[in-house]
Amino acid sequence: MATHEVTNQVPPLSGYDVADDPALIEALHREGAGWAESELHGLGQLAGSMHAQELGRLANENSPILRSHDRFGNRIDEVEYHPSWHELMRTAVAHGLHAAPWRQDRPGSHVARAAKFYVWGQAEAGHLCPISMTYAVVPALRHNSAIAAIYEPLLASPDYQFGLHEPSTKRGLIAGMAMTEKQGGSDVRANTTQATPNADGSWSIVGHKWFTSAPMSDLFLTTAQAPGGLSCFFVPRVLPDGSRNPIHLQRLKEKLGNRSNASAEIEFAGALGWLVGDEGRGVATIMEMVDNTRLDCSIGAATGMRWGAVQAVHHARHRRAFGAALVDQPLMTNVLADLIVESEAAVSMGMRLAGAADRAATGDRNEQVFRRLALPIGKYWLCKRAPTHAAEAMECLGGNGYIEESGLPRLYREAPVNSIWEGSGNVAALDTLRAMAKMPESIDAFFTEVEQAAGAEPRLDDAIGRLRKELTSLDDIEYRARRLVETFALVLQGSLLVRFGDPSVADAFCASRFADDWGIAFGTLPTGVDTKAIIDRARSGTETSG
């Protein structure tokens, strides 16, 4: 016997184009990669499909399993993944989200790749960790030209081939990074892993690593103490003679989120490695990899914000309460509009950083200087905003959002990882100060960038003036580093939105983020902003759903 009729439930959000995102498409063209729009929409349709959503669910509900030994007691040090993981990885690699841009001469290749990372990441975020490291490893690996010549083409290959084989024999490779140790954390110079030179030019590495993400990777960059100081080494899982390198997986971490992706504690038990970069220059060498993964932390944070905002708008458009659709109720429109403003500010900043990476890679000195300062600023701010944004998006769905099936709990658990990975908030803030001290011209490059909007928006002009005033005194600058970096970030976002963004979004951003009484919670936009126009920016891609 039926007890009730099911009504007022929101239809699933599927069968839509994730790339139908005006802020993203505008930035794609602005940063020189408009040629990639067609492929981006194809990937967007795939990311918005029910099939991709199911892959994401399965990959997270079936976490990786460590197989340290076979049934005979032999060490095998393997990680077993659900087939959904491999399909997600295969799609990401086939679309060039990994190292492909480094092998392409086309201007805008890094921008196109960032846009695809942003779109496909809305299907599932965890598998993008090894994809990001594979992208990021190339500039560091080039410090050993002989190794780069062999492995770089395979790192950029469109073929994903999982399994333990000698790297040069595979159709495509995935790369990882092993830096963090128990006693040091972010203080990499405190690492105790030792590297001893061998007569044949290789090095024997002994020690532990406390966090090694994607331990099934084909090769790693790692740091170890050599006679000449902390150095960077290339370490494959399988040696050139086909034997296994003694890299032992001790256990997999039980993490808050990022559950589809394995992170392990590993030990180098005399593993063989080859020097990358100069002996004693390990931090400087591996930081070239870290800088690029930090870019992906920023893009990843923007990805989560967009997905959360779209989910919230979709829910509010279909759900009724107190006699009206949620989307039409004033306080909810304020919340939704604020979430969208934050999302569009995030993607504008993330894509500008990707544009700087693209032009810096071709030798543009101005962009190299700007990127050096703007990258840690973006890493700090976008990754700080993402967890709060995810919590508010979840609340828009009420109790339904707190239920695992909605996908919002997964977003909420995933959101903090980008802030912690590749240097926590304090590390990013202090790196900003380091950039200012070691490369003072980066400050001039930053103001040259943001002052392109001078005179267009008085509230932005005032904010730029306040930022300049904050820089006149260096007293207690480390103590107030977070506040300074936050101001840098807001000014850059405001400048981008004023110059290139939708007028309603730019107005709402300046009216709230530069106001003395800026509300802390989302949904505190002042009276007078065009919330309807802002919300429409997140509706277009979902109109065909439901």
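The values are calculated or read from the model by the stated rules, or taken from the named source; none is laboratory data. Because the structure is a prediction, the values reported are computed rather than measured. Here the Cβ is made from the backbone with ideal geometry for all residues, glycine too, and neighbour counts use every protein chain on show.
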Subset of segment 382-423 (residues that are among the small types (Gly, Ala, Ser) and either under 22 Å from SER348 (Cα atoms) or at pLDDT 95 or above (or both)): ALA386, ALA390, ALA391, ALA393, GLY398, GLY399, GLY401, SER406, GLY407, ALA415, SER419
Filter result for the condition that a residue is free of Cβ contacts under 8 Å to residues at least 12 places away in the same chain, more than 13 Å from THR293 (Cβ to Cβ) and among the small types (Gly, Ala, Ser), over GLY163, GLY126, GLY121: GLY163
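When the residues of segment 405-422 are filtered to those that are under 14 Å from LEU375 (Cα atoms) and polar (S, T, N, Q), which remaining residue is surrounded by the most Cβ atoms within 10 Å (Cβ to Cβ)? It would help to see each step written out before you state the result.
Initially, segment 405-422 is screened for residues under 14 Å from LEU375 (Cα atoms), giving 418-419, 422.
Checking which are polar (S, T, N, Q) leaves us with 418-419.
Values: ASN418: 27, SER419: 22.
Applying the filter and picking the extreme gives ASN418.
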Sole exception among (1) closer than 30 Å to ALA47 by Cβ; (2) small (Gly, Ala, Ser); (3) at pLDDT 95 or above for SER213, by number: (3)
Of residues in segment 52-80 being outside any strand (DSSP E or B) and exposed (fewer than 13 other Cβ atoms within 10 Å of the Cβ), the one farthest from the chain's Cα centre (by Cα): PHE72
Hits in segment 189-203 (condition: in contact with a Leu (Cβ under 7 Å, 6 or more places away or on another chain) and hydrophobic (A, V, I, L, M, F, W, C)): TRP203
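Table: residues versus (1) assigned by TED's automatic domain parsing to the domain that holds GLY378; (2) closer than 21 Å to LEU382 by Cβ; (3) loosely packed, with under 13 Cβ neighbours inside 10 Å.
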| site | (1), (2), (3) |
| --- | --- |
| SER424 | yes, yes, no |
| ALA428 | yes, yes, no |
| MET436 | yes, yes, no |
| PRO440 | yes, no, yes |
| GLU451 | yes, no, no |
| LEU467 | yes, yes, no |
| THR472 | yes, no, yes |
| VAL485 | yes, yes, no |
Selection within segment 453-462 - surrounded by 12 or more Cβ atoms within 10 Å (Cβ to Cβ) and closer than 18 Å to PRO503 by Cβ: ALA453, ALA454, ALA456, GLU457, ARG459, LEU460, ASP461
One residue from ARG75, ARG71, ARG103 being in contact with a strand residue (DSSP E or B) (Cβ under 9 Å, 6 or more places away or on another chain) and farther than 20 Å from PRO409 by Cβ: ARG75
Leading residue by the ranking (nearest to LEU164 (Cα to Cα)) among those in segment 242-252 that are in contact (Cβ under 8 Å) with a residue 40 or more places away in the chain and surrounded by fewer than 14 Cβ atoms within 10 Å (Cβ to Cβ): GLY242
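Go through segment 350-398 and report how many residues are among the polar types (S, T, N, Q) and either crowded, with 20+ Cβ neighbours inside 10 Å or touching a strand residue (DSSP E or B) at 6+ places or on another chain (Cβ under 7 Å) (or both). If you could, list the steps in order and put the result at the bottom.
Narrowing segment 350-398 to residues among the polar types (S, T, N, Q): 362, 366, 368, 388.
Now restrict to residues that are either crowded, with 20+ Cβ neighbours inside 10 Å or touching a strand residue (DSSP E or B) at 6+ places or on another chain (Cβ under 7 Å) (or both): none.
Of the residues in segment 350-398, 0 are among the polar types (S, T, N, Q) and either crowded, with 20+ Cβ neighbours inside 10 Å or touching a strand residue (DSSP E or B) at 6+ places or on another chain (Cβ under 7 Å) (or both).
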Some residue of segment 290-303 being within 27 Å of ILE534 (Cα to Cα), at pLDDT 95 or above and acidic (Asp, Glu): yes
